[in-house]
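Novice: This is the structure I want to talk about, given as structure tokens.
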Amino acid sequence: HYIYVDTSFAKQGEKAVLLSSDLQAEEWSCLRLVYQIAASSGSPSDPSRLNLYVRFEDESFDRWRWSATEPSDSWLIASLDLQNSAKKFKILIEGVLGQGNTASLALFEIKMTTGYCIECDFEENHLCGFVNRWNPNVNWFVGGGNIRNSHSILPQDHTLRSELGHYMYVDSVYIKHFQEVAQLISPMTTAPMSGCLSFYYQVQKENDNVFSLYTRDVAGLYEEIWKMSSPGNAAWNLAEVEFSAPYPMEVIFEVAFNGPKGGHVALDDISFSPVHCQNQTGCKSLNANPKTEGSLLCHLQAYYLGLGLPFSAIEASCSFERDLCNFYQDKEGPGWTRVKVKPNMYRAGDHTSGIGYYLLANTKFTSQPGYIGRLYGPSLPGNLQYCLRFFYAIYGFLKMRDTLAVYIFEENHVVQEKIWSVLESPRGVWMQAEITFKKPMPAKVR
């Protein structure tokens, strides 16, 4: 069954409203809507529209969250992230009929589940809103299950560890050209998020294919955030990627094949966690526990280059949950204040857990020009390669350029060098910065 409204019930411009009962999302949740918009032949200047609003119990207005106007001949899926909140709310779905005698709007399913919309185990028919970008020769398919004509290429999936479980896969058998590409595209994120994106994969003939992960924003700009560097073993391999989406973006799993003997790639159990990844390699690898050792301001790791120096990255990391760790301030000016703010619609909590401590430098406490707070890190041994990662959020500045900067100075010679400064940044959301540096002498970060 499904519900619908068309021109037999209403006229152009009239609205049909569907209101939910009281809901509560104490954990991050995903609302999925299966819908269809039908239009008259041609391109009407005034199309039908579906709108979705959230109405909180203590507010006298509805918050717009999503709209759709594009007609289709099949059911479409919309995925909307709902941030956790202690307040009760209602979902309001509004249908507005457009121009044409055959205009109609239909809803097949409305479902709210705990978790993030970019997560998926591919066990449901809607595939969590993930879609394959069609290619004449190479595409992502659903594998596994008990369907007789299933395109299964693996003995079992990762979720159920069974031949009845499902996963996504792409095979090179129909490749006709060099570097043919298959893309599996996630739903667009609809709320700011930052943390660890993980998934399981299997690769056959890794030398003849390239498996990569990209983000793509609403302007169509791509950024590669992961590429398979080693094939792992024949079983399911875990990949973890630092993922930050301060504004709407999609995640794209892309496989490029060099020819028809490029093997296959399988994918299963995509998940997200708002804490940092544990098992990465390269500059983003850390042994520190992200909830206790430095996931807010600084993750700092030295690569020992075979020198065997007794330096631990944990000594130069801090989450500020208990104190300033090995960081300190100069005595001039009001400086940084360790604070704890209850999250609300105007201000997010800390980055570590959302309810913990972070450092705040506030211009309300000073009328002096220049930087209002200087935070110094511990001494770092010289001649090592370092990777400094920290998270920052900026509020209230009309001009963001250089409002936050990082300097490094060699202790023996007091030579100071600016190695990073903020240019432009979304306001009010945690952003990640990452800097690599190497100095011949012992140095400090400020």
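The values are calculated or read from the model by the stated rules, or taken from the named source; none is laboratory data. Nothing here was measured: the structure is a model prediction, and the numbers come from that model. In this analysis, Cβ positions are derived from the backbone assuming ideal geometry, glycine residues included, and neighbour counts consider all displayed protein chains. Only protein heavy atoms, including side chains, enter the accessible area calculation; ligands, DNA and RNA are left aside. Shrake-Rupley method; radii C 1.70, N 1.55, O 1.52, S 1.80 Å.
Novice: Is the shape of the range 5-138 rounded, prolate or oblate, going by the alpha carbon gyration tensor and its root eigenvalues a ≥ b ≥ c, with a/c under 1.5 for rounded and a/b larger than b/c for prolate?
Specialist: oblate
Novice: With a 1.4 Å probe and all protein chains left in place, how much of the accessible area of the range 163-228 comes from carbon and sulfur atoms, in whole percent?
Specialist: Percent of accessible area from carbon and sulfur atoms in the range 163-228: 50.
Novice: Right, another one. Mind ranking 22-30, 319-327, 59-67, 117-125 by how tightly packed they are, going by the mean number of other C-beta atoms within 10 angstrom, highest first?
Specialist: Descending mean neighbour count gives 117-125, 319-327, 22-30, 59-67.
Novice: May I ask you to order 139-146, 11-18 by the average number of other C-beta atoms within 10 Å around their residues, highest value first?
Specialist: In descending order of packing, they fall as 139-146, 11-18.
Novice: Please sort 183-189, 79-85 by packing, taking for each peptide the average over its residues of neighbouring beta carbons within 10 angstrom, highest first.
Specialist: With the highest mean Cβ count within 10 Å placed first, the list reads 183-189, 79-85.
Novice: Accessible area per residue, 1.4 Å probe, Å², for the range 11-113: what's the number?
Specialist: It amounts to 55 Å² per residue over the range 11-113.
Novice: Residue-wise, which Karplus ³J(HN,Hα) couplings in Hz belong to the range 168-174, taking 6.51 cos²θ - 1.76 cosθ + 1.60, θ = phi - 60°, and x for glycine or proline?
Specialist: For the range 168-174, the Karplus curve yields 10, 8, 9, 10, 8, 4, 9 Hz.
Novice: Let me ask you something else. Using a 1.4 Å probe on the protein chains only, how many percent of the accessible area of the range 33-137 belongs to carbon and sulfur?
Specialist: 47
Novice: Same structure again: Please give the per residue accessible area of the range 208-278, computed with a probe of 1.4 Å over protein heavy atoms only, in Å².
Specialist: Normalised by residue count, the accessible surface of the range 208-278 is 39 Å².
Novice: Among the aspartates and glutamates, which have Cα under 15 Å from the Cα of Lys88 when same-chain residues fewer than 8 positions away are ignored?
Specialist: Asp22, Glu26, Glu27, Glu57, Asp58, Glu59, Asp62
Novice: Non-local amide H neighbours of Val341 (under 5 Å, H modeled in plane, Pro and chain starts lacking H): which ones?
Specialist: Asp350
Novice: Hey, another quick one. Around Gln385, under 11 Å between beta carbons, what's the net of Lys plus Arg minus Asp minus Glu among the other residues?
Specialist: That sum, taken over residues with Cβ under 11 Å, equals +2.
Novice: Okay, moving on. Using 1/(1 + (r/R0)^6) with R0 = 25 angstrom and r between the beta carbons of Leu19 and Glu70, what's the FRET efficiency to the nearest 0.05?
Specialist: Calculated transfer efficiency: 0.55.
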